[in-house]
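The values are calculated or read from the model by the stated rules, or taken from the named source; none is laboratory data. The structure displayed is predicted, hence computed values, not measured ones. Cβ sites come from the backbone with ideal geometry, for glycine too, and all protein chains shown count toward neighbours.
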Amino acid sequence: METQIWKVYLDLGFDHILDLNGYDHILFVTTLCAIYTFKDWKKILLLVTAFTLGHSLTLALAALDVVSFDPELIETLIPITIILTGMYQILRTLKPQITGQQMLASYLLTTFFGLIHGLGFSNYFRAILGKEDSIVQPLFAFNVGVEAGQLIIVALSLVVGTVMVSFLRLPQKTWTIGLSVVCTLVAFYLLLR
C-alpha cells in the first residue's frame, strides 16, 4: 500500500477516536481508565488493545459483508457499554481486590464492547473502502490510528487523575467514583437523545 494511502487510513483511525463530535469513544476509554493510575499502565494498555481488537474485528467483518446489523440498535448499545463500564468501575472501587479471573473477564468484556463500537463505524468504513483491492492494509493502518488515539486519551486520563489525586489530594476512590458517575450520566444522555 502506498505511503500516502497508509497515512489516509492512519489519520482516519486517529481522527475517529479523537473526534469530539462522536465523543462516545473518548467517553468509553475515559471510563475504562477511571480506576487506574500510572502504575497500572500494563493493564490499561491491554484493555485498550482488547477494545481495538474487538473494534477491528467487526470493522473487518462488516467491510467483507459478513455481518449486518440495525444501526439504531448499535447506536443504543454504544452508550449502554459506557454505562455498564462506569457501573463496573464503581463496583470495583468499592471492592478493590481483583482476581486474575476478574481481570480476564474485564479483558473479554472490553473486547466485546469493542465489537459493538466497531459496528458503529463500520458502514462509513465500508463506504471508504470501496476502491481498495484488499482490506488488510487499510484496516491495519486504521487500527494503528485508533490505538494511537486511544493512548492519547489514556495518557490524558491518567495525567488528570494524577493531578486530582496526588496534587489536589482527592482520594483515589472519590476520583474513580466521581469520574465514573459523570461518564455514566453523559452516556445516559446519549442513550436518551
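For segment 20-34, what are the residues that are under 13 Å from ALA148 (Cα atoms) and surrounded by fewer than 23 Cβ atoms within 10 Å (Cβ to Cβ)?
Correct list: ILE26 only.
Scanning for something touching a Ser or Thr at 6+ places or on another chain (Cβ under 8 Å) and more than 18 Å from HIS25 (Cβ to Cβ), does segment 110-126 turn up at least one residue?
no
If you scan segment 94-145, which residues turn out to be farther than 26 Å from LEU77 by Cβ and of a type in the set (Lys, Arg)?
The answer is LYS95, LYS131.
Looking only at segment 146-188, which residues are over 24 Å from THR76 (Cβ atoms), within 17 Å of the chain's Cα centre (by Cα) and among the β-branched types (Val, Ile, Thr)?
ILE152, VAL154
All but one of (1) surrounded by fewer than 17 Cβ atoms within 10 Å (Cβ to Cβ); (2) aliphatic (A, V, I, L, M); (3) more than 16 Å from the chain's Cα centre (by Cα); (4) assigned to a helix (DSSP H, G or I) hold for ALA62, so report the exception by its number.
So the condition that ALA62 fails would be (1).
Checking LEU73 against (1) at pLDDT below 90; (2) within 29 Å of ALA141 (Cβ to Cβ), which test does it fail?
Against the list (1) at pLDDT below 90; (2) within 29 Å of ALA141 (Cβ to Cβ), LEU73 comes up short only on (1).
Quick check on my filter: what residues within segment 80-137 are over 21 Å from THR58 (Cα atoms), exposed (fewer than 14 other Cβ atoms within 10 Å of the Cβ) and among the basic types (Lys, Arg)?
If the condition is that a residue be over 21 Å from THR58 (Cα atoms), exposed (fewer than 14 other Cβ atoms within 10 Å of the Cβ) and among the basic types (Lys, Arg), then LYS95 is the only one that fits.
Run down LEU151, LEU185, LEU179 and say which single residue is under 14 Å from THR30 (Cβ atoms) and surrounded by fewer than 14 Cβ atoms within 10 Å (Cβ to Cβ).
From the options LEU151, LEU185, LEU179, the qualifying one is LEU185.
Just to verify a result, which residue in segment 78-93, among those that are out of contact with any Ser or Thr (no Cβ under 6 Å at 6 or more places or on another chain) and touching a residue at least 40 places away in the same chain (Cβ under 8 Å), is farthest from TYR189 (Cα to Cα)?
ARG92
Taking into account only those residues within segment 154-173 that are surrounded by 15 or more Cβ atoms within 10 Å (Cβ to Cβ) and in contact (Cβ under 8 Å) with a residue 60 or more places away in the chain, which is nearest to THR49 (Cα to Cα)?
Among residues in segment 154-173 that are surrounded by 15 or more Cβ atoms within 10 Å (Cβ to Cβ) and in contact (Cβ under 8 Å) with a residue 60 or more places away in the chain, the one nearest to THR49 (Cα to Cα) is VAL154.
Kindly indicate which of LEU191, LEU170, LEU158 is touching a helix residue (DSSP H, G or I) at 6+ places or on another chain (Cβ under 6 Å) and not in a helix (DSSP H, G or I).
Result: LEU170 is the single residue among LEU191, LEU170, LEU158 that is touching a helix residue (DSSP H, G or I) at 6+ places or on another chain (Cβ under 6 Å) and not in a helix (DSSP H, G or I).
Mind checking which residues of segment 35-55 are polar (S, T, N, Q) and buried (at least 21 other Cβ atoms within 10 Å of the Cβ)?
Result: THR52, single match.
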